[in-house]
1. Kindly evaluate residue 164 against the criterion of being more than 29 Å from residue 119 (Cβ to Cβ) and either in contact with an Asp or Glu (Cβ under 8 Å, 6 or more places away or on another chain) or of a type in the set (Gly, Ala, Ser) (or both).
2. Considering only helices (runs of 4 or more DSSP H) fully contained in the stretch 120-230, which possess at least 1 residues that are in contact with a Lys or Arg (Cβ under 8 Å, 6 or more places away or on another chain) and assigned by TED's automatic domain parsing to the domain that holds residue 18?
3. Between 162, 188, 207, which is over 13 Å from the mean Cα position of the chain (by Cα), free of Cβ contacts under 8 Å to residues at least 12 places away in the same chain and surrounded by 14 or more Cβ atoms within 10 Å (Cβ to Cβ)?
4. Go through the stretch 26-49 residue by residue and tally those that are touching a helix residue (DSSP H, G or I) at 6+ places or on another chain (Cβ under 8 Å) and either hydrophobic (A, V, I, L, M, F, W, C) or free of Cβ contacts under 8 Å to residues at least 24 places away in the same chain (or both).
5. Do you know which residues across the stretch 78-128 are buried (at least 17 other Cβ atoms within 10 Å of the Cβ), touching a residue at least 40 places away in the same chain (Cβ under 8 Å) and farther than 24 Å from residue 54 by Cβ?
6. Look at the stretch 138-159 and say how many of its residues are surrounded by fewer than 19 Cβ atoms within 10 Å (Cβ to Cβ) and over 29 Å from residue 55 (Cα atoms).
Amino acid sequence: MGDKAFGIDEDVLRVYAREIREATEAGIELALVIGGGNIFRGVNNATKGMTRSHADYMGMLATMINAMALQDALEQEGVHTRLQSALHMDEIAEPFIRRRAVRHMEKGRVVIFGAGTGNPYFTTDSAAALRALEIAADVILKGTRVDGVYTVDPEKDPQAVRYSEIHGNDVISKDLKVMDMTAFTLCRESDMPIIVFNMDTGGNLLRLVRGESIGTLVHWNDDAAEPVLA
């Protein structure tokens with residue numbers, strides 16, 4: 001969205017595509033889940049009073065617009081991609097098939113998962129957690145506009161301090177809202193680590209996949225239960 005009220009900023013899209021290309025060139029297998037808030041904002045007023053299920057399906061379609069835009073930007077950067085949708089859209093995307101997605105990644109393709117989980121009442125976070133578990137990912141990288149998890153909202157409190165790592169149970173007890181609870185519970189039950197980082201800082205994704213300490217690691221290791229402040 002960039003500085004726009006809604007829609008897609010082609011400059012932002014191009015930067016993201018280059019960041020992802022650099023990560024794949026480093027030998028990392030990547031799958032992407034993308035939300036639709038920047039598109040949905042444009043019709044937000046129209047959904048007031050609308051049935052939740054109906055509005056959620058509209059949101060899933062918004063994610064597909066973003067997914068197609070990102071796919072094209074990646075292809076223009078020379079990155080081979082496959083777009084898989086949780087809703088049947090055979091003319092523009094493959095259906096989500098777990099084994100096919102894994103095979104694409106093994107062949108060096110970036111897989112983009114669109115349309116969320118295909119079910120209303122589930123967020124993009126839940127879709128990311130579900131797909132990460134299905135493809136046996138090593139970690140979920142949650143790209144945001146802040147550079148990690150803070151003691152309080154850093155956009156509201158300048159005294160906020162970032163955690164370099166924190167146990168998932170502490171995230172829950174401190175109500176830090178890294179992900180919605182459905183997504184977070186999925187991660188907890190499967191010991192799926194999460195790294196929250198700022199996607200808008202150039203080079204962050206590449207540094208992260210190379211092993212540098214970027215953002216905040218949310219882990220489930222009881223032997224290192226104390227939160228670590230940056």
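1. yes
2. 124-134
3. From the options 162, 188, 207, the qualifying one is 207.
4. Qualifying residue count for the region: 11.
5. Listed by number, the residues that qualify are 79, 101, 105, 110, 111, 112.
6. 9
The values are calculated or read from the model by the stated rules, or taken from the named source; none is laboratory data. As the structure is a computational prediction, the values presented were derived from the model and not from experiment. Neighbour counts run over all protein chains shown; Cβ positions are idealised from the backbone, glycine included.
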